[in-house]
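What follows draws every value from the coordinates through simple rules; no lab data is involved. None of the values given here were measured: they were computed from a predicted structure. Note that we place each Cβ from the backbone using ideal geometry, even for glycine, and neighbour counts take in every protein chain shown.
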């Protein structure tokens, strides 16, 4: 199952803290069918999504994305322009 670093959990909580996102919202990671992944704010998981909760952060994984990310670690940082950047790495 996908795991989150402390940095990723913090950045997800920051994103979800926006007023338009419900308290039980999160970020949703989905696959486009060709192996590319998208990440977007979501009010709730879609039918069939797996939910990863860690340190108050919620990630909704579309089934195909969940399979691709089963052995991955999601990390995050902020670039010099202040934009959040998420990266995936292999779990050790």
Any residue in region 73-83 that is more than 13 Å from residue 5 (Cα to Cα), under 14 Å from the mean Cα position of the chain (by Cα) and surrounded by fewer than 17 Cβ atoms within 10 Å (Cβ to Cβ)? no
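Among the residues of region 61-87, which ones are without any contact (Cβ under 8 Å) to a residue 40 or more places away in the chain, within 19 Å of residue 35 (Cβ to Cβ) and touching a strand residue (DSSP E or B) at 6+ places or on another chain (Cβ under 7 Å)? Lay out the reasoning, then the answer.
From region 61-87, those without any contact (Cβ under 8 Å) to a residue 40 or more places away in the chain are 62-65, 67-68, 71, 79-83, 85, 87; that's our starting set.
Pick out the ones that are also within 19 Å of residue 35 (Cβ to Cβ) and you get 62-65, 67-68, 71, 87.
Once the filter is applied, which keeps residues that are without any contact (Cβ under 8 Å) to a residue 40 or more places away in the chain, within 19 Å of residue 35 (Cβ to Cβ) and touching a strand residue (DSSP E or B) at 6+ places or on another chain (Cβ under 7 Å), region 61-87 yields 62, 64, 65, 68, 71, 87.
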Candidate set from region 1-23 (those that are assigned to a loop (DSSP other than H, G, I, E, B) and within 14 Å of the chain's Cα centre (by Cα)); member that is surrounded by the fewest Cβ atoms within 10 Å (Cβ to Cβ): 1
